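This report concerns only the one structure given below.
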Amino acid sequence: MNTIHQTFAQEGLVRPSDGRVLGGVCAGLGRRFGIAPWPARILFVLLLMVVPGTQILVYPILWVLMPAEHTMPVPQHTVV
C-alpha cells in the first residue's frame, strides 16, 4: 500500500489538511488539477452522475488510495 501512496503523492494526488469536507478527496483532486475545492466537488458529482451509483464506489476507493498530505514524507532533494 505504501507504494501506491507514494505513486499518488508523486503525481500530486494527496488529500490536503485544509479545505476538507469529508475525506479531502475532491479537495485533493481540485488541487492537483488547479481547481478550487467547491467547483471540484461539483464537477466530481456531475461526472459521477453519468453512471449512477459510481460515487458510492469511486469516492471510498480514492479515499483509501490517496494519502493524507501530512502522512507523506517531504521529498529530499540532493545537490550534486
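Annotations
- Cα long-axis angle, helix 37-48 against the chain (0 to 90 degrees, to the nearest 10): 60
- Take every Cα pair under 8 Å whose residues are at least 6 apart in sequence, average their separation, divide by the length of the chain, and the relative contact order is 38 percent.
- GNM top mover of 52, 16, 67 - the chain, alpha-carbon springs below 10 Å: 52
- Estimated dipole of the chain in Debye, rounded to 20 [Cβ of Lys and Arg +1, of Asp and Glu -1, Cα centre]: 120
- Around the amide H of residue 15, modelled in the peptide plane, lie the amide H atoms of 68, 69, all under 5 Å away and 5 or more residues distant in sequence or on another chain.
- Placing unit charges on the Cβ atoms of the charged side chains and taking the dipole of the chain about its Cα centre, the candidate lying farthest along the positive direction among 53, 16, 26 is 53.
Values in this text are rule-based calculations from the coordinates and carry no lab data. Because the structure is a prediction, the values reported are computed rather than measured. Neighbour counts are summed over all protein chains in view; Cβ atoms, including those assigned to glycine, are modelled from backbone coordinates with ideal geometry.
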